[in-house]
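J.: Attaching a single structure in structure tokens format; questions to follow.
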Amino acid sequence: MAQLDIQQKLEILADAAKYDASCASSGTVKRSSRDGKGLGSTDGGMGICHAYAPDGRCISLLKILLTNSCIFDCHYCINRKSSNVRRARFTADEVVQLTLAFYRRNYIEGLFLSSGIIRSSNYTMEQIVEVARSLREDHHFRGYIHLKTIPDADPELVHQAGLHADRVSINVELPTASGLRRLAPEKSESRIEGAMTEMKSAIIDTADATRKYRSAPTFAPAGQSTQMIVGADAATDGDIVRKASTLYDRFGLRRVYYSAFSPIPDASAILPLQRPPLMREHRLYQSDWLMRFYGYGANEVVAAADAETGMLPLDIDPKLAWALKFRGAFPVDVNKGPREMLLRVPGLGTKAVDAILAARRWRRLRLEDVARLTVSVVKVRPFLIAEGWRPGALTDLAGLKTILTPKPKQMELFI
Ligand code: SF4
């Protein structure tokens, strides 16, 4: 490996880390002030991403790899052994010094560190742990640390990572075991799930201990998360939704992140040539939201998908798709309906439902009252009864989907 200075390493290893979605800011438009007009940018600086801290604050993290060299050959990964990319490697101390320098300049509030596997899983994990240990113990760093852990590494090393990090994550990579065998043959579903199980036990045990003894060490207080690649294998949205639900139930994950597969240079021939539509990733995040905050079971979300293809519709959101398929559950009376049914009304979010529940204790609500709580009363009307409003035949109208489907927007040709 040619000698590279820190700046060159940072360019390579920050760029290589961008494929990890586990701490990505997404869903915003690209804005930049590099042309000298205006102030600020949504792109972030090189290697800087945004994540949510346990207290809900949005924080900036230095997002880098320790190295983009790897002894594994996962087909979908730009850093795989057979990939023809420029390689670089930080020492543990270089990552520590970079983090401290960025932190002191107020560029970041924490570190997101992942790595390709060098020499062995244990050796790599030792280096990752050393970064976190040194930051916490030698430099008393109180910022946020998110470490990607390696499931094959010695459980004691993975445990050490949890003692220093706020959040730990282990990527399940692909939604099905067959997909993992085909695209990441050196990885094993059972080893990944074994590491997640140990992580879950340690998080629960230490949370119990810290409740009893204030001096007990913390362990990944922001929990564990994972990432699934979407569109690299034949898994349907139904497969992905079921897998995510199982991961939440079995391993108590805080978040499952979905990352639309993006074709990489010199890609393996067994990969698709095109990335899936970005809207697919967005619909999966919406499904995830339905399961975590709206009380939908995985099977209910899957029921909103096309029965033949197992794919969620791209033109409408999964909550509306479910409501259109199960119109017998509507309309819901805004003045009497239970919270769990109001949450199923398309166009009503959790805040709107809570506001409805608070307001209806004092008076009967009209459609105009609901309109003030939603961006689209057109979407709400067919599914809701209010004072002075009944949807009548509108709920069962054959062309209702056409009325409620957002009009396609012309994409910008040049960005
Ligand atoms: S182990 Fe990680 S870095 Fe290495 S090839 Fe697989 S996905 Fe890429």
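J.: Between a residue in segment 364-384 that is assigned by TED's automatic domain parsing to the domain that holds GLY328 and any residue that is modelled with pLDDT of 95 or more and of a type in the set (Asp, Glu), which pairs come within a Cβ distance under 6 Å, given they are 6 or more apart or on different chains?
T.: Qualifying pairs under 6 Å: ARG364/GLU387; ARG366/GLU387.
J.: Another question about this same structure. Taking into account only those residues within segment 172-184 that are among the small types (Gly, Ala, Ser) and surrounded by 20 or more Cβ atoms within 10 Å (Cβ to Cβ), which is farthest from the ligand (Cβ to nearest atom)?
T.: By that ranking, first place goes to GLY179.
J.: Output the qualifying pairs, or none if there are none: Cβ atoms under 8 angstrom, residues six or more apart or on different chains, first residue in segment 100-117 and over 8 Å from LEU62 (Cβ atoms), second residue among the hydroxyl-bearing types (Ser, Thr, Tyr) and away from the ligand (no atom under 15 Å from the Cβ).
T.: If the second residue must be among the hydroxyl-bearing types (Ser, Thr, Tyr) and away from the ligand (no atom under 15 Å from the Cβ), the pairs left are GLU109/SER60; GLU109/TYR103; GLU109/TYR144.
J.: With the requirement that a residue be in contact with an Asp or Glu (Cβ under 8 Å, 6 or more places away or on another chain) and away from the ligand (no atom under 16 Å from the Cβ), what does segment 147-156 give you?
T.: Passing the criteria: only PRO155.
J.: Here's a follow-up. Can you tell me which residue is nearest to the ligand (Cβ to nearest atom) among those in segment 34-71 that are modelled with pLDDT of 60 or more and surrounded by fewer than 12 Cβ atoms within 10 Å (Cβ to Cβ)?
T.: Only one residue fits best here, namely CYS58.
J.: So if I check each of SER190, SER169, SER201, which one is surrounded by 19 or more Cβ atoms within 10 Å (Cβ to Cβ) and of a type in the set (Ser, Thr, Tyr)?
T.: It is SER169.
J.: Right, here's the next one. Name the residue, out of ALA321, ALA398, that is free of Cβ contacts under 8 Å to residues at least 24 places away in the same chain, among the small types (Gly, Ala, Ser) and not in a helix (DSSP H, G or I).
T.: Exactly one of ALA321, ALA398 is free of Cβ contacts under 8 Å to residues at least 24 places away in the same chain, among the small types (Gly, Ala, Ser) and not in a helix (DSSP H, G or I), namely ALA398.
J.: Next question. Please work out which residue is farthest from ALA161 (Cα to Cα), limiting yourself to segment 184-218 and to residues that are touching a Ser or Thr at 6+ places or on another chain (Cβ under 8 Å) and either outside any helix (DSSP H, G or I) or among the aliphatic types (A, V, I, L, M) (or both).
T.: ALA216
J.: Something else now. Filter segment 335-347 down to residues that are surrounded by 14 or more Cβ atoms within 10 Å (Cβ to Cβ) and in contact with a Phe, Trp or Tyr (Cβ under 9 Å, 6 or more places away or on another chain), then give me how many there are.
T.: Of the residues in that region, 6 qualify.
J.: Taking the residues in segment 122-135 that are surrounded by 23 or more Cβ atoms within 10 Å (Cβ to Cβ) and more than 16 Å from the ligand (Cβ to nearest atom) as candidates, determine which candidate is nearest to LEU66 (Cα to Cα).
T.: Top of the filtered list is VAL131.
J.: List, please: which pairs have Cβ atoms under 7 Å, are six or more places apart or on different chains, and start with a residue in segment 71-93 that is free of Cβ contacts under 8 Å to residues at least 24 places away in the same chain and assigned by TED's automatic domain parsing to the domain that holds ALA232 and end with one that is aliphatic (A, V, I, L, M) and within 11 Å of the ligand (Cβ to nearest atom)?
T.: LYS81/ILE71
J.: Just checking, which of VAL95, VAL158 is more than 21 Å from THR206 (Cβ to Cβ) and either touching a Phe, Trp or Tyr at 6+ places or on another chain (Cβ under 7 Å) or among the β-branched types (Val, Ile, Thr) (or both)?
T.: Testing whether each residue is more than 21 Å from THR206 (Cβ to Cβ) and either touching a Phe, Trp or Tyr at 6+ places or on another chain (Cβ under 7 Å) or among the β-branched types (Val, Ile, Thr) (or both) leaves just VAL95.
Every residue, every condition in (1) touching a Leu at 6+ places or on another chain (Cβ under 7 Å); (2) within 14 Å of the ligand (Cβ to nearest atom), yes or no:
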site	(1), (2)
ASP73	no, yes
CYS77	no, yes
VAL85	no, yes
ASN106	no, no
PHE112	yes, no
SER120	no, yes
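J.: If you go through segment 354-377 one residue at a time, how many are modelled with pLDDT of 95 or more and assigned to a helix (DSSP H, G or I)?
T.: Summing the residues that are modelled with pLDDT of 95 or more and assigned to a helix (DSSP H, G or I) in segment 354-377 gives 11.
The values are calculated or read from the model by the stated rules, or taken from the named source; none is laboratory data. Since this is a predicted model, take the numbers as computed values, not measurements. As a convention, Cβ positions derive from the backbone with ideal geometry for all residues, glycine included, and neighbour counts pool all protein chains shown.
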